[in-house]
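These notes are about the structure you will find just below.
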Amino acid sequence: MAYVGTPIDTTNQFQSLQGKRFSGDASTTAFTLDVAPSSVFDIEVFVENVRQDPNSAYSLSGTTLTFSAAPSSGTNNIYVIHQAKAVGTIEVLDSAITTAKINDNAVSFVKLDSTNQSFVKSIPQSGSAKTSSYTLTTSDIGSFIEVGSSGAITIPNSTFSAGNAISLFNNTTGNVTVTCSITTAYIAGTNTDKSSVTLATRGVATILFISGTVCAISGNVS
């Protein structure tokens, strides 16, 4: 029956079934095939339209088919059919492998290459050091922001979603101001809404967004 479902992008190469005919002379037992079968069960051998027993009537060695007894003289109807197809390369195109075709949780960490393993285990830096006023964006999610000399950070309102997180690193000898334009910002462990916080020199802080309008800031902040 025809293939049912979405067509698979493949490059297929198949060969037709092979066949061979011989004539008997009452003395010849060995005949040469065009293709070497893998075993006696990969071919069907007929003599005068009678199928021969592969366990006893013949044997194989490469392309040589040897009968246990020579077919009689005048036997012109000896034929061999190869049941096993010779199959070429079946190549699934890279473009055919999409995210939708991979089961959820099917790719484990050990299957990632060394570059991506390193990325998963590390926190990447988002761009270069910020040396002026910088407002956080969604492209910073999951990364750390380095704040350099004269840098300052603003946490915007209604930009991020619950569970988003961004880390800050003050790579200066002085304090850095983090302006909290977001509706509500808490220093973790307190219950006071902050309009701004101070990130200490060489300090690290992580901003965890509880919603688009609420965040909690933990680390070297006051």
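Using the Karplus curve 6.51 cos²θ - 1.76 cosθ + 1.60 with θ = phi - 60°, what ³J(HN,Hα) values do you get for each residue of the range 193-208, in whole Hz, with x for Gly and Pro?
With the stated coefficients, the range 193-208 comes to 6, 10, 7, 7, 9, 10, 9, 5, 4, 6, x, 10, 9, 10, 9, 10 Hz.
Could you check the spin-label model distance between Thr29 and Ser128? Points 7 Å from the Cα along Cα→Cβ, value in nm.
8.6
Which trypsin sites (Lys or Arg not before Pro) in the range 116-222 sit in a loop by DSSP (not H, G, I, E or B) and have at most 16 other Cβ atoms within 10 Å of their own Cβ?
Taking the range 116-222 and a limit of 16 other Cβ atoms within 10 Å, the loop trypsin sites (Lys or Arg not before Pro) found are Arg202.
Can you compute 3J(HN,Hα) from phi for each residue in the range 209-215, using the Karplus curve 6.51 cos²θ - 1.76 cosθ + 1.60 with θ = phi - 60°, rounded to whole Hz and x for Gly and Pro?
Here the 3J(HN,Hα) series is 8, 7, 7, x, 10, 9, 9 Hz.
Mind listing the long-range amide H neighbours of Ala152? Cut-off is under 5 Å, sequence gap 5 or more, other chains count too, H placed in the peptide plane at 1.01 Å from N.
The list, which skips near neighbours in sequence, is Ser132, Ser133, Tyr134.
Mind listing the phi-derived Karplus ³J(HN,Hα) values for the range 133-139, rounded to whole Hz, using 6.51, -1.76 and 1.60 with θ = phi - 60°, and x for any glycine or proline?
5, 9, 9, 4, 10, 5, 6
Since every read-out is calculated from the coordinates, none of them should be taken as a lab result. Keep in mind that what you see is a predicted model, and the values were worked out from it rather than measured. All Cβ positions, glycine included, derive from the backbone under ideal geometry; neighbour counts span all protein chains shown.
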